[in-house]
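Worksheet: one structure, shown below.
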Amino acid sequence: MITAKRSANVKINFEINAWKYMRLSAILLVPLVWIHSIINTLVTGPENINLGYVAMHWANMGWRIYDILILAFAFSHGVNGLRQVLFDFTTNTTTRSILNLVMLVFWLALSIVGATAIIGGIKN
Ligand code: HEM
């Protein structure tokens, strides 16, 4: 009897997990982004999207949580993907560490701005 055994010794490290995160977040992004796009383009229509519409939308806590989830997964997916693309240009560990730090600060700063807008909402 022939038995096939997978014996690749792949060490689980940060980069393997970061790559797995790309695929897992991509699966989550399919329903999140599709529902978001269908509602905003086909149901509401871009011509009807204004400050009043956003205020009405965010009056519902469910939509706020939904928008926070899109922000969290789409942006972290995008920044991590960009980080992986930039890593293709260098194998130098110092440069990669600096890139990691720059991408982390960029991701944190814009995520805080986005989350503050969604949580703070629109004042009447
Ligand atoms: C429905 C939405 C999306 C899906 C299904 C999706 C799916 C994927 C998949 C499967 C990968 C490859 C992961 C791997 O290396 O195996 C990927 C990579 C990537 N994605 Fe997305 N993605 C989505 C949205 C986005 C968004 C919104 C951005 C930007 C903000 C983005 C930016 C990237 C980047 C930069 C990469 C890395 C490309 C590379 O390594 O060459 N994606 N995406």
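FYI, it's all coordinate maths here, none of it is from the lab. As the structure is a computational prediction, the values presented were derived from the model and not from experiment.
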Write down the radius of gyration of the stretch 56-124 and its Dmax, each obtained from C-alpha positions, in Å.
15.7, 52
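Where does the chain land on Rg(C-alpha)/(2.2 N^0.38 Å)? Write out the running numbers ahead of the final one.
Details: Rg = 19.6 Å, N = 124, 2.2 N^0.38 = 13.7 Å.
The value comes to 1.43.
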I'd like the orientation of helix 93-120 relative to the chain: the angle between its Cα long axis and the longest Cα principal axis, in ° from 0 to 90, rounded to 10.
20 degrees
